[in-house]
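A short worksheet on the structure shown next.
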Amino acid sequence: MVTFEVAGLADLIRVREGHFRFESGHHGTLWLDLDSLFVRPSVVAPFARQLAEQISEYSVDVVCGPWSGGAFLAQMIAEQLDLAFAYSQPAEDHLGTDQLYARPYSIPTAFGAHLAGKRVAVVDDVINAASAATATMAALSAVKARIVVVASLMTLGQVGRQRITELGHVVETLQSRDHTIWPSNECPLCASRVPLES
């Protein structure tokens, strides 16, 4: 396994190379360690400010992010833009499956009642396959919110960006990085019997 830093976010994100299964069910070769990204909010703040500037062009009412990293970033951006905040939470019983985009998210009741008709920016820390972002979009649609933009600190590859674009939404990001992911039945690492890492 090789560990290296992502240019531009070098102090924030550690990257591992190997064979990984993502929340979306896809397999890929890069794993971003995002658990410690928000331990020191002041370090993330300059990036959040940049993303907030991009989001401000969309006349947003609410900033919503998937739990946990997306929610922390969404709250920072909502505070900077003096907007309302909401978050989505994943179902716990859909982990570890190769079925694509199987894990649903929901909006907590306390937030859902205030989202109908509101213009919402969906924010995630990093978008790879866009599983959390698109599940959040579905949860927001269920409470009659209007999604106007999807944003992240970084996008990996084209799968997630393309999925969001096909759903009719714009993606704003600070940085993009090449990354290829595959459905498990097309994964060359699985075909070569490379074990999945945890």
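Tabulated results
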{"item": "Residue match in the stretch 136-146 (condition: assigned to a helix (DSSP H, G or I), at pLDDT 95 or above, within 23 Å of SER176 (Cα to Cα) and of a type in the set (S, T, N, Q))", "result": "yes"}
{"item": "Residue check, ARG103 surrounded by fewer than 16 Cβ atoms within 10 Å (Cβ to Cβ) and of a type in the set (Lys, Arg)", "result": "no"}
{"item": "Residue in the stretch 112-119 that is crowded, with 19+ Cβ neighbours inside 10 Å, at pLDDT 95 or above, of a type in the set (A, V, I, L, M, F, W, C) and over 18 Å from ASP33 (Cα atoms) present", "result": "yes"}
{"item": "Filter result for ASP61 (closer than 21 Å to ALA132 by Cα and over 17 Å from the mean Cα position of the chain (by Cα))", "result": "yes"}
{"item": "Counted residues, the stretch 162-198 - those being under 22 Å from the mean Cα position of the chain (by Cα), of a type in the set (Gly, Ala, Ser) and either crowded, with 16+ Cβ neighbours inside 10 Å or over 17 Å from VAL150 (Cα atoms) (or both)", "result": "2"}
{"item": "Search result, residues across the stretch 1-31 that are out of contact with any Ser or Thr (no Cβ under 8 Å at 6 or more places or on another chain), hydrophobic (A, V, I, L, M, F, W, C), modelled with pLDDT under 90 and surrounded by 13 or more Cβ atoms within 10 Å (Cβ to Cβ)", "result": "VAL6, LEU9, LEU12, ILE13"}
{"item": "The one condition in (1) within 18 Å of LEU37 (Cβ to Cβ); (2) without any contact (Cβ under 8 Å) to a residue 60 or more places away in the chain that ALA91 fails to fulfil", "result": "(1)"}
{"item": "Top-ranked residue of the stretch 34-56 - restricted to ones that are in a helix (DSSP H, G or I) and of a type in the set (Gly, Ala, Ser), ranked as surrounded by the fewest Cβ atoms within 10 Å (Cβ to Cβ)", "result": "SER42"}
{"item": "Answer residue from the stretch 40-66, given it is more than 30 Å from ALA116 (Cβ to Cβ) and small (Gly, Ala, Ser) and is modelled with the highest pLDDT among those", "result": "ALA45"}
{"item": "Scan of the stretch 108-135 for residues that are under 20 Å from LEU81 (Cβ atoms) and not in a strand (DSSP E or B), ordered by number", "result": "PHE111, HIS114, LEU115, GLY117, LYS118, ALA133"}
{"item": "Filtered residue count, the stretch 149-198, keeping only those that are charged (D, E, K, R) and farther than 14 Å from HIS26 by Cα", "result": "6"}
{"item": "Whichever residue in the stretch 112-151 is free of Cβ contacts under 8 Å to residues at least 60 places away in the same chain and among the polar types (S, T, N, Q) and, among such residues, is nearest to SER68 (Cα to Cα)", "result": "THR134"}
{"item": "Check on ALA74, more than 30 Å from CYS187 (Cα to Cα) and touching a residue at least 24 places away in the same chain (Cβ under 8 Å)", "result": "yes"}
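The values are calculated or read from the model by the stated rules, or taken from the named source; none is laboratory data. Everything numeric here is computed off the predicted structure, so don't read it as measured data. Don't worry about glycine lacking a Cβ; one is built from the backbone with ideal geometry, like all the others, and counts go over all protein chains shown.
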